[in-house]
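J.: After the structure tokens below, expect a handful of questions from me.
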Amino acid sequence: MSLRQPAPPYQHGEAPTQAPEEDSDIEEEAMVRDYQEQVQYEDGIDGFDPGMSMAGGATDIQAQLIAAATPLEFGANLETKFQSYDNYCNLFHYILNSDGPVDPEMPSYYWPWDVIDEFIYQFNSFCSYRQRVALKNEASDDITLLRENPNAWGCYSVLNVLYSLIQRSQISEQLAAMKRGEDAAPYAGEYGNRPLYKMLGYFSIIGLLRVHCLLGDFSLALKTLDDIELNKKAMFARVMAANFTTYYYVGFSYMMMRRYADAIRMFSHILIYVSRTKNFQKNASQQYDSITKKNDQMYALVAICVAFYPTRLDDTIHTALREKYGEQFNRMQRGGPESLPLFEELFRSACPKFISPTPPDFDNPEINIDPVEHHLAIFMEEVKNNMWSPTVKSYLKLYTTMDLKKLAGFLEVEPEQLRNWLLVNKQRSRQVRWSEGGLLDGQVVNSSDLDYAMQGDLIHVSEAKVGRRLVDWYLRNLARTY
Amino acid sequence: MGQPFDYAPERPEHIDTILDGLDRYNPETTTVFQDYVAAQCENQTYDCYANLALLKLYQFNPHLTRDETITNILVKSLTVFPSPDFSLCLSLLPPHILSPLSASLTSSHSNPAVGDAPLSEAVQKLAVLNAHLCAARYDAFWSTLDGDDLYADLVADVSHFEELMRVRIAAVVSQAVREVGRATLEGWLNLSGSGFEHFVGEVCGWGVEGEMVRVPLNKENEAKGTVVRENVKFDQFTRVIRRAYEQPV
């Protein structure tokens with residue numbers, strides 16, 4: 001991608017670094033190089049004209065732009081939230097429906113991301129709040145206010161904004177062109193050639209990913225990213241928070257689609273990236289704070305996924321995981337009924353704050369269940385279904401053939417029960433994993449190093465052995481000889 | 001094997017167009033999707049991605065909800081177990097749908113407008129079936145299905161439901177089994193006598209030998225040991241090679 005815009009001077013120390021290639025030795029060097037490149041761009045800023053072409057209401061617009069990317073005060077009341085919604089409507093109306101493209105000076109390079117991020121965040125917290133108020137059903141002005149304003153922060157208008165920004169900027173066409181290796185400019189149109197629209201459009205795609213995931217539509221969430229290539233050259237990789245958000249929601253959606261290998265791949269990629277660029281990121285402390293929380297959430301999700309898809313993690317991640325969730329991590333991998341509360345706890349702490357898109361039923365407060373509970377219940381079904389697999393596997397590992405009845409005796413269950421577990425475990429070991437193409441593509445593979453088949457009451461067990469890994473060792477030692 | 005989740009071979013073109021455009025949010029397309037679900041029930045085809053789009057329309061426009069269509073979608077998704085489709089459909093239903101029935105039942109008495117207590121009940125009944133299937137308790141699946149008249153109503157629209165389930169169960173079993181006792185398999189498939197022999201022999205192509213049923217070897221029930229070799233990429237050597245140019249000694 002050739003989007004080498006000069007970064008404005010007020011971003012000093014916050015220069016976007018590029019996402020590294022998956023787990024390779026050259027990463028760090030590449031990152032440092034990138035970083036220096038960016039800093040140089042900041043030096044060579046003289047020729048940069050921020051493009052102030054607005055006359056009169058410029059300061060007014062500026063204030064609006066800044067406000068739109070600023071979080072509301074903690075505990076802001078409903079009027080403020082309604083007001084904020086109206087402000088967004090006005091601002092997006094101005095951006096989308098003026099005569100031709102508008103060209104206000106962006107308050108910062110990151111403004112397009114910040115504004116989409118904040119917009120969705122406010123939508124999210126508004127819906128959660130509304131649901132909570134309805135469930136509690138305490139007589140208050142809030143209920144009256146919410147009843148009177150059923151259309152504030154409506155899901156249709158939020159989606160409308162995101163889709164309109166995507167269409168205006170023709171970002172999908174641009175990205176498709178880039179994917180084909182062409183220049184995007186001819187496809188961008190009058191709007192899409194301007195950085196403001198281009199970036200708003202781009203981040204709206206990520207916004208959509210997030211909204212779909214919040215609404216529980218995980219397959220559509222992944223489908224949304226069809227145009228975007230998840231790699232180090234992705235445009236979002238230049239804005240750390242966007243980078244982070246994308247991988248979190250993609251990983252989470254994969255997890256809910258039971259594609260644990262893909263989920264782990266996504267989480268690992270970004271967690272490694274964060275741990276390696278920590279020192280650069282710290283300078284941008286504000287962004288870094290919000291990242292720390294999501295960071296912990298993603299470790300929790302990795303712990304959950306590994307229980308479904310036992311695999312060797314990257315060392316960095318493995319160490320951090322032990323530090324943060326060592327005890328839970330072990331017990332979840334062991335499975336059994338005792339592990340259920342742990343799954344529940346970690347899921348609750350690490351899932352997105354799911355929302356219900358429509359206004360709650362104020363007349364029947366008790367049915368306005370928190371959507372988080374709904375998704376938790378669905379997820380826990382799968383956990384319960386899978387909880388005996390670790391036990392079964394731990395025994396099978398010890399044998400090459402085994403009598404079903406004998407093993408049932410060891411496990412102190414009925415043979416029929418064990419037969420069911422074996423069938424379940426076999427089914428669960430076949431998981432869809434991505435190999436190429438869109439995010440929803442994938443092939444069914446055996447996720448386990450163990451495989452078996454039943455011949456009557458005889459279980460034949462086979463194992464996939466991992467050959468020695470020599471290359472890494474060889475390279476490390478070679479590097480040492482220099 | 002290896003098909004994207006959003007791919008359905010028999011999907012008609014006009015559905016494709018709706019799914020790819022913004023019309024997927026247009027409440028007016030609800031009827032189009034509903035007809036499509038009815039067609040899937042009839043022709044034994046299946047299109048999860050399109051059905052999810054309809055559930056999303058219901059999610060956004062609860063007043064358009066048709067209980068019957070929702071349950072049909074869920075029943076259809078049972079026929080592709082153990083894929084996550086049933087769960088993915090549940091995720092798009094209202095959050096209270098899985099909560100204990102008593103609460104929503106009482107409230108529906110005081111206010112008929114809620115009106116979806118029957119839906120909750122139906123969905124939870126289907127969730128029981130799904131739980132049996134996912135836990136490989138096929139005997140329990142059949143006895144539950146036969147044990148309640150409501151199930152007969154729920155699956156009535158899906159033509160050949162029982163056959164579809166049998167084929168699916170057989171497919172899943174064949175992954176894990178080379179030989180299985182006839183009695184066990186009869187229980188799993190809820191068939192006996194000549195019906196059983198016909199299904200196992202003709203439809204599945206398995207051999208019945210006395211009290212055992214032999215499943216031919218396939219990729220999954222072979223359970224062959226393998227050795228995973230390391231994949232070496234040229235990229236890994238970048239550093240070494242660059243080094244050779246940087247410092248010619």
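The values are calculated or read from the model by the stated rules, or taken from the named source; none is laboratory data. Since the model is a prediction, treat every value here as computed from it, not as a measurement. As a convention, Cβ positions derive from the backbone with ideal geometry for all residues, glycine included, and neighbour counts pool all protein chains shown.
J.: Have a look at A:VAL413, A:VAL444 and point out the one that is surrounded by fewer than 22 Cβ atoms within 10 Å (Cβ to Cβ), assigned to a loop (DSSP other than H, G, I, E, B) and not assigned by the TED database to the domain that holds A:THR311.
T.: Every option except A:VAL413 fails the conditions.
J.: What residue, among those in region B:207-228 that are part of a loop (DSSP other than H, G, I, E, B) and over 24 Å from A:VAL444 (Cα atoms), is nearest to the other protein chains (Cβ to nearest Cβ)?
T.: B:GLU211
J.: Then there's this: Could we say that A:LYS223 is assigned by the TED database to the domain that holds A:GLU118, charged (D, E, K, R) and within 28 Å of A:PHE347 (Cβ to Cβ) here?
T.: yes
J.: Does region A:189-229 hold any residues that are in a helix (DSSP H, G or I), of a type in the set (Gly, Ala, Ser) and under 26 Å from B:SER87 (Cβ atoms), and which are they? Spell out the reasoning first.
T.: Taking region A:189-229 first, the residues in a helix (DSSP H, G or I) are A:189-192, A:195-214, A:218-227.
Filter once more, so that each one left must be of a type in the set (Gly, Ala, Ser): A:189, A:192, A:201, A:204, A:207, A:219, A:221.
Answer for region A:189-229, where residues must be in a helix (DSSP H, G or I), of a type in the set (Gly, Ala, Ser) and under 26 Å from B:SER87 (Cβ atoms): A:GLY207, A:SER219, A:ALA221.
J.: If you don't mind, there's one more thing I want to ask. For region A:164-178, enumerate the residues that are among the polar types (S, T, N, Q) and at pLDDT below 85. Steps first, please.
T.: Taking region A:164-178 and keeping what is among the polar types (S, T, N, Q), we get A:164, A:167, A:169-170, A:172, A:174.
Selection gives nothing.
J.: Give region B:34-63 a look and list any residue that's touching a residue at least 12 places away in the same chain (Cβ under 8 Å) and away from chain A (no Cβ under 14 Å), or say none.
T.: Listed by number, the residues that qualify are B:GLN34, B:TYR36, B:VAL37, B:ALA38, B:GLN40, B:CYS41, B:GLU42, B:ASN43, B:GLN44, B:THR45, B:TYR46.
J.: If you don't mind, another one. With (1) more than 24 Å from the chain's Cα centre (by Cα); (2) crowded, with 18+ Cβ neighbours inside 10 Å; (3) under 16 Å from A:ALA152 (Cα atoms) as the list, and A:PHE126 as the residue in question, which single condition is left unmet?
T.: So the condition that A:PHE126 fails would be (1).
J.: Here is a further query. Looking only at region A:353-407, how many residues end up being over 32 Å from the mean Cα position of the chain (by Cα) and facing chain B (nearest Cβ under 7 Å)?
T.: Number of matching residues: 2.
J.: Just one of the numbered conditions (1) of a type outside the set (Asp, Glu); (2) closer than 28 Å to A:GLN427 by Cβ; (3) buried (at least 20 other Cβ atoms within 10 Å of the Cβ) is not true of B:THR29; which one?
T.: Tallying (1) of a type outside the set (Asp, Glu); (2) closer than 28 Å to A:GLN427 by Cβ; (3) buried (at least 20 other Cβ atoms within 10 Å of the Cβ), B:THR29 fails exactly one: (2).
J.: Between B:ASP16, B:ASP67, B:ASP20, B:ASP35, which is farther than 20 Å from B:LEU92 by Cα and among the charged types (D, E, K, R)?
T.: Testing whether each residue is farther than 20 Å from B:LEU92 by Cα and among the charged types (D, E, K, R) leaves just B:ASP16.
J.: Looking at region B:193-202, can you tell me whether even one residue there is touching a Pro at 6+ places or on another chain (Cβ under 9 Å) and farther than 12 Å from B:TYR138 by Cβ?
T.: Pass one, region B:193-202, residues touching a Pro at 6+ places or on another chain (Cβ under 9 Å): none.
Looking for residues that are touching a Pro at 6+ places or on another chain (Cβ under 9 Å) and farther than 12 Å from B:TYR138 by Cβ, one finds none in region B:193-202, hence no.
J.: Could you list all residues from region A:300-310 that are surrounded by fewer than 20 Cβ atoms within 10 Å (Cβ to Cβ) and either farther than 21 Å from A:SER429 by Cβ or at pLDDT below 85 (or both)?
T.: Matches in region A:300-310: none.
J.: If you don't mind, there's one more thing I want to ask. Could you tell me whether any residue of region B:229-249 is outside any helix (DSSP H, G or I), surrounded by 10 or more Cβ atoms within 10 Å (Cβ to Cβ) and in contact (Cβ under 8 Å) with a residue 12 or more places away in the chain?
T.: The initial filter retains those residues of region B:229-249 that are outside any helix (DSSP H, G or I), namely B:229-233, B:247-249.
Going one step further and asking which of them are surrounded by 10 or more Cβ atoms within 10 Å (Cβ to Cβ), we end up with B:229-230, B:232.
Within this subset, residues satisfying the condition of being in contact (Cβ under 8 Å) with a residue 12 or more places away in the chain are none.
No; the residues of region B:229-249 include none that is outside any helix (DSSP H, G or I), surrounded by 10 or more Cβ atoms within 10 Å (Cβ to Cβ) and in contact (Cβ under 8 Å) with a residue 12 or more places away in the chain.
J.: Please count how many residues of region A:57-90 are part of a loop (DSSP other than H, G, I, E, B) and either on the phi > 0 side of the Ramachandran plot or of a type in the set (A, V, I, L, M) (or both).
T.: Matching residues across region A:57-90 total 4.
J.: When only residues in region A:311-336 that are surrounded by fewer than 17 Cβ atoms within 10 Å (Cβ to Cβ) and of a type in the set (Lys, Arg) count, which is modelled with the lowest pLDDT?
T.: A:ARG312
J.: Now for a different question. Being charged (D, E, K, R), at negative phi and touching a Leu at 6+ places or on another chain (Cβ under 8 Å) is true for just one of B:ARG239, B:ARG243. Which residue is that?
T.: B:ARG239
Residue-wise test of (1) farther than 23 Å from B:GLU42 by Cα; (2) assigned to a helix (DSSP H, G or I); (3) touching an Asp or Glu at 6+ places or on another chain (Cβ under 8 Å); (4) among the hydrophobic types (A, V, I, L, M, F, W, C).
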site: B:ASP157; (1), (2), (3), (4): no, no, yes, no
site: B:VAL167; (1), (2), (3), (4): no, yes, no, yes
site: B:ALA171; (1), (2), (3), (4): no, yes, no, yes
site: B:VAL180; (1), (2), (3), (4): yes, no, no, yes
site: B:TRP188; (1), (2), (3), (4): yes, yes, yes, yes
site: B:LEU191; (1), (2), (3), (4): yes, no, no, yes
site: B:HIS198; (1), (2), (3), (4): yes, yes, no, no
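J.: Same structure, new question: Within region A:334-390, which residues are assigned to a helix (DSSP H, G or I), among the aromatic types (Phe, Trp, Tyr) and farther than 21 Å from A:LEU215 by Cβ?
T.: The one that is assigned to a helix (DSSP H, G or I), among the aromatic types (Phe, Trp, Tyr) and farther than 21 Å from A:LEU215 by Cβ: A:PHE343.
Yes/no per residue for (1) in contact with a Phe, Trp or Tyr (Cβ under 9 Å, 6 or more places away or on another chain); (2) within 7 Å of another protein chain (Cβ to nearest Cβ); (3) more than 30 Å from A:PHE218 (Cα to Cα):
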{"residue": "A:GLU436", "(1), (2), (3)": "no, no, no"}
{"residue": "A:LEU439", "(1), (2), (3)": "yes, no, no"}
{"residue": "A:VAL445", "(1), (2), (3)": "no, no, no"}
{"residue": "A:SER448", "(1), (2), (3)": "yes, no, no"}
{"residue": "A:TYR452", "(1), (2), (3)": "no, yes, yes"}
{"residue": "A:ALA464", "(1), (2), (3)": "no, yes, yes"}
{"residue": "A:VAL471", "(1), (2), (3)": "yes, yes, yes"}
{"residue": "A:TYR474", "(1), (2), (3)": "no, no, yes"}
{"residue": "A:THR481", "(1), (2), (3)": "no, no, yes"}
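J.: How many residues does region B:132-156 hold that are more than 10 Å from chain A (Cβ to nearest Cβ) and surrounded by fewer than 18 Cβ atoms within 10 Å (Cβ to Cβ)?
T.: Residues in region B:132-156 being more than 10 Å from chain A (Cβ to nearest Cβ) and surrounded by fewer than 18 Cβ atoms within 10 Å (Cβ to Cβ): 10 in total.
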